[in-house]
Amino acid sequence: MAIDVVVNQRHLQIQLKQLETVWHTVINGYNLSQAATVLHTSQSSLSKHIAALENQLKTEVFIRQGKRLTGLTAMGTALMPHIESIFAEIRTIENLSLDFNNPNIGTLTIATTHTQARYVLPKVVKEFKERFPKVNLILQQADPETIAQMVIRGQADIGIATESLLHNNYLRCYRYYDWTHRVIVPSDHELAGLESIDLPTLASYPIVTYHGGFTGRGAIDKTFNNAGLEPDIVLAALDADVISTYVGLGLGIGIIAEMAFEPSHYQNLTAIPVDHFGRFTSWMAVRDDAEIRQYGRAFMTLCQQQFSQSL
């Protein structure tokens, strides 16, 4: 299969294999050895494909430090969206064929945050596996920005996160559910039993909450800053279980996502609703120019049904 490209009024034939080499080199962090393993070929073979492409384009695609590839040149950066689109179309054709011949067999990769995987998705995953027992379901946990890139580059079929998905031109997003934060304190804490807590009171206590970039931490910081308050963040973590553990040990009061509070697991803690930090929406995203398998769409439907009655 060949792809025709016109550059400087000269007709070139670029082999799909050359573009595939560029694509896998980028998504594997410019590690040719790792890309070669994924493609079941040799590193020298990939180097030859890259050299052939650069020779035809009359310019370099990759930035090099010695023999190592460290990034994309301006030409490489310009090429990548087109290469990604080509392989998105190829995946769509492959998925159409697979759905026609083996609709209930395959692999579904979900890229999501720890919070979604740990507290929100278990019920959906259980129902999905009961319905599609022959589908290999993979949960890849990452930060929101990485999740978006994984979907864009075809490393994941569906991305689920609150941040980084909605305002991305390469992604098609679907609302999953809305949520707010909760303040958690030991059951014998002086704040326990309150129906609400104002910001100055919150800022007067040591706080245990999420690491920057996760689960609304940016909104927490912005809210305190806009109020002219400087909270004492004594511990930041990625996981609400970790936050809950240290709150239980008396390190401070916790601020976590409401869906992450599990009273049956932490009977020594109590939660207090707060709306100071805003209301958030978690989204599901797929690549905008490619279609996923039928069972992937079924997974998304199960997600939306999960909250259709409760929210």
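The values are calculated or read from the model by the stated rules, or taken from the named source; none is laboratory data. Bear in mind that the values here come from a model prediction, so they are computed numbers and not experimental data. Cβ placement follows ideal geometry from the backbone for every residue including glycine, while neighbour counts extend to all protein chains displayed. Heads up: the accessible areas ignore ligands, DNA and RNA and are worked out on the full protein's heavy atoms, side chains in. Shrake-Rupley method; radii C 1.70, N 1.55, O 1.52, S 1.80 Å.
Under the convention that each Lys and Arg Cβ holds +1 and each Asp and Glu Cβ holds -1, the size of the dipole of the range 176-278 around its Cα centre is about 180 debye. Accessible surface comparison of MET75, MET259, probe 1.4 Å, protein chains only, largest first: the order is MET75, MET259.
Which length gain, in nm to one decimal place, applies between LEU16 and GLN140 when the Cα-Cα distance is subtracted from 0.36 nm times their residue separation?
41.8 nm
Take the Cβ atoms of LEU229 and SER97, set R0 to 41 Å, and the FRET efficiency comes out at 0.10. Applied to the range 156-162, the Karplus parametrisation 6.51 cos²θ - 1.76 cosθ + 1.60 on θ = phi - 60° returns per-residue 3J(HN,Hα) values of 9, 7, 9, x, 10, 6, 8 Hz, with x for Gly and Pro. Note on the chain: dipole from Cβ charges, positive end direction compared against GLN149, ILE90, GLN306; the farthest Cα belongs to ILE90. Across the chain, Cα pairs under 8 Å and at least six residues apart give a relative contact order of 20 percent.
For the chain, what does -39500 (n - 2.57) per DSSP helix run (n ≥ 4), summed and divided by total residues, give at 222 nm, in deg cm²/dmol to the nearest 500?
One gets -12000 deg cm²/dmol as the mean residue ellipticity at 222 nm.
Per-residue accessible area (protein heavy atoms, 1.4 Å probe) orders CYS303, CYS173 as CYS173, CYS303, starting from the largest. Determine the shape class of the chain: with a ≥ b ≥ c the square roots of the Cα gyration tensor eigenvalues, call it rounded for a/c under 1.5, and otherwise prolate if a/b is greater than b/c, oblate otherwise. In terms of gyration-tensor shape, prolate. Surface composition of the chain: carbon plus sulfur atoms hold 50% of the accessible area, using a 1.4 angstrom probe and ignoring ligands, DNA and RNA. When a/c reaches 1.5 or more, the comparison of a/b and b/c decides; with that in mind, is the range 68-187 rounded, prolate or oblate per its Cα gyration tensor? Oblate, since a/c reaches 1.5 and b/c is not below a/b.
Heavy-atom accessible area for PHE224, with the other protein chains in place and a 1.4 Å probe, reaches approximately 0 Å².
Legend: calculated FRET efficiency, VAL38 to ARG131, from the Cβ-Cβ distance at R0 = 30 Å, rounded to 0.05, equals 0.50.
The number of Lys pairs in the chain with C-alpha atoms less than 30 Å apart, excluding pairs fewer than 8 positions apart on the same chain, is 8.
Measuring only protein heavy atoms, the 1.4 Å probe finds GLU20 accessible over about 50 Å². With the cut-off at 1.5 for a/c, could you classify the range 54-136 from its C-alpha gyration tensor as rounded, prolate or oblate? The shape class here is oblate.
Potential lengthening of the chain between GLN65 and GLU262 amounts to 65.9 nm, from the contour at 0.36 nm per residue minus the alpha-carbon distance.
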